[in-house]
Every structure is written in C-alpha cells, then in structure tokens.
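Novice: Below you'll find the structure I mean.
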Amino acid sequence: MAVSAEGARRKERVLCLFDVDGTLTPARQKIDPEVAAFLQKLRSRVQIGVVGGSDYSKIAEQLGDGDEVIEKFDYVFAENGTVQYKHGRLLSKQTIQNHLGEELLQDLINFCLRYMALLRLPKKRGTFIEFRNGMLNISPIGRSCTLEERIEFSELDKKEKIREKFVEALKTEFAGKGLRFSRGGMISFDVFPEGWDKRYCLDSLDQDSFDTIHFFGWE
C-alpha cells in the first residue's frame with residue numbers, strides 16, 4: 001500500500017524515543033519478541049529511537065543480536081546519549097574522564113571504594129564500579145551477581161536504603177563539583193556530570209528539527 005505524502009512527512013518529523021530498562025525490557029533482560037515486532041510496525045509510521053544508561057554493548061544485547069539494534073532503530077543513544085548512533089552510524093562519543101579531569105575522577109572512585117569496603121551485605125560479588133564513557137555505574141553488591149542475588153539485594157535495599165544513603169554521602173562529599181546521581185534498576189546507581197542525564201540526547205535531536213518527540217520511560 002502506497003504511503004501518502006502526509007504519512008511520509010509524519011514519519012520524518014515524529015520520533016518515538018524509548019527508555020530501555022523498565023520500559024522496553026525488564027532490567028538487563030532481553031526484549032520480548034512481541035514488543036520487538038510492535039516497534040518495527042511503529043517504525044513504518046514514525047522514526048523510533050532508544051536511550052539508556054547502559055553502554056552500547058548491553059543495549060545491543062538486550063534489543064537484538066550483534067549490531068541489530070542500530071539497524072532496527074533510527075536513533076540509539078547509549079550511556080544517556082553520550083554515545084550516539086543515527087541511522088546505523090556512530091555520530092559522537094563523549095568521555096567522562098575528559099570532562100571531569102583525572103584528579104576529580106580518582107577522588108570519586110577512591111571515595112566509592114572506601115565506602116563500599118565498609119558495607120556489610122548478605123553477599124558481595126564483582127564489578128563494583130563500571131567505568132563507562134559518560135558515567136560511572138556504582139553497584140554495592142557488584143554487577144556480576146546472579147538474577148536471584150540481584151532480587152535479594154533489591155529487596156534489602158528497599159528496606160535499608162543502601163543506595164540512597166550512599167548517594168547522600170556522595171552529594172555531601174562532592175558538593176559543588178558538578179556531579180549528578182541517578183538511582184535506577186535494582187542494584188546500582190549512576191554518577192555523571194551535570195547535564196549528562198537522558199536529556200543530553202536532545203541537543204542532537206534539536207538539529208533534526210522534529211515536529212514532535214514522544215518519550216516513553218521513567219525519567
């Protein structure tokens with residue numbers, strides 16, 4: 001069936017932008033095939049994109065196989081948009097070390113390591129600090145925990161506010177340093193420069209002059 005001129009214009013001028021964890025997929029899980037099929041049907045009518053806090057490899061793993069994600073979505077914004085793909089091509093990549101400088105970055109990492117060393121939890125695993133291009137991801141239990149351990153920590157965190165207290169300590173220690181903190185998912189939180197949240201991708205989208213951008217997600 002032929003696409004009308006109005007329909008073609010709408011496809012070019014309207015973007016539906018989706019968060020990943022908690023919106024398109026459960027946290028760190030694969031996308032449901034029915035959801036994936038719906039998105040491709042939607043793509044025939046509008047442009048679609050994803051924005052997530054995870055690095056590109058994790059988003060790609062959740063939303064397809066290999067590099068399918070940049071073929072199935074018109075826009076892919078990894079690490080809150082500090083790594084940007086458009087129509088299958090890498091547009092830009094920003095790095096937290098260049099923005100913050102090595103001294104502040106090491107102060108931040110060292111503080112987190114000292115804080116976590118004093119935490120007593122039912123379980124601790126590995127990868128407590130994951131260094132990404134646009135942020136640090138901090139996990140008191142460690143990102144290598146199993147799904148069952150992830151759920152166990154999440155339930156404990158709801159009661160004892162482990163991540164909330166950690167973030168408050170960081171806010172006090174690094175007040176005025178231009179840092180922001182975001183708790184998401186079940187076991188971790190992100191640390192990034194001011195302005196490097198999911199709205200960061202809007203600067204790139206502004207250049208494409210969309211009439212309408214619909215965002216679906218938590219933040």
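Just so you know, all these numbers are worked out from the coordinates, no wet-lab data involved. Keep in mind that this is a model prediction, so the values were computed, not measured. Every residue, glycine as well, gets a Cβ built from its backbone with ideal geometry; the counts of neighbours run over all protein chains shown.
Novice: Of the options S92, A175, Y75, report the single residue whose Cα projects farthest towards the positive end of the charge dipole of the chain (beta-carbon charges: Lys, Arg +1; Asp, Glu -1).
Specialist: A175
Novice: What size of dipole, in debye to the nearest 20, comes out for the range 91-176 about its Cα centre when the only charges are +1 on Lys and Arg C-beta atoms and -1 on Asp and Glu C-beta atoms?
Specialist: Values: 15 positive and 13 negative charges, 45 e Å.
Once rounded to the nearest 20, the dipole reads 220 debye.
Novice: With Cβ to Cβ distances under 12 Å as the rule, what net charge do the other residues near V83 carry (K, R +1; D, E -1)? Please list the in-between numbers first.
Specialist: Details: positive: K58, K86, K93, R132; negative: D55, E79.
Here the charged neighbours net out to +2.
Novice: Quick check: net charge around F210, other residues with Cβ under 10 Å of its Cβ, Lys/Arg +1 and Asp/Glu -1?
Specialist: Numbers: positive: R13; negative: E12, D206, D208, D211.
Value of the local net charge: -3.
Novice: Which entries of K30/K123; K161/K198; K123/K158; K124/K198; K41/K86 show an alpha-carbon separation above 22 angstrom in the structure shown?
Specialist: Values: K30/K123 25 Å; K161/K198 24 Å; K123/K158 16 Å; K124/K198 29 Å; K41/K86 19 Å.
Where the Cα-Cα span goes over 22 Å, the pairs concerned are K30/K123; K161/K198; K124/K198.
Novice: Go through the range 86-152 and name the trypsin sites (Lys or Arg not before Pro) that are in a DSSP coil and have 11 or fewer other Cβ atoms within 10 Å of their Cβ.
Specialist: Working: sites: K86, R89, K93, R114, R120, K123, K124, R125, R132, R143, R150; in loops: R120, K123, K124, R125, R132, R143.
Counting only loop positions with at most 11 other Cβ atoms within 10 Å, the trypsin sites (Lys or Arg not before Pro) in the range 86-152 are R120.
Novice: Report the gain in length on full extension from L91 to V35: 0.36 nm times residue separation, minus Cα-Cα distance, nm rounded to one decimal. Write down the numbers at each step before the final one.
Specialist: Numbers: separation 56, 0.36 × 56 = 20.16 nm, distance 2.67 nm.
Taking 0.36 nm per residue and subtracting the Cα distance, the gain is 17.5 nm.
Novice: Here's a follow-up. Which net charge results for the neighbourhood of E152, defined as the other residues with beta-carbon distances under 14 angstrom from its beta-carbon, given Lys and Arg at +1 and Asp and Glu at -1? Walk me through the intermediate numbers first.
Specialist: Details: positive: K123, K124, R125, R150, K158, K159; negative: E148, E149, E155, D157, E160.
In short, +1.
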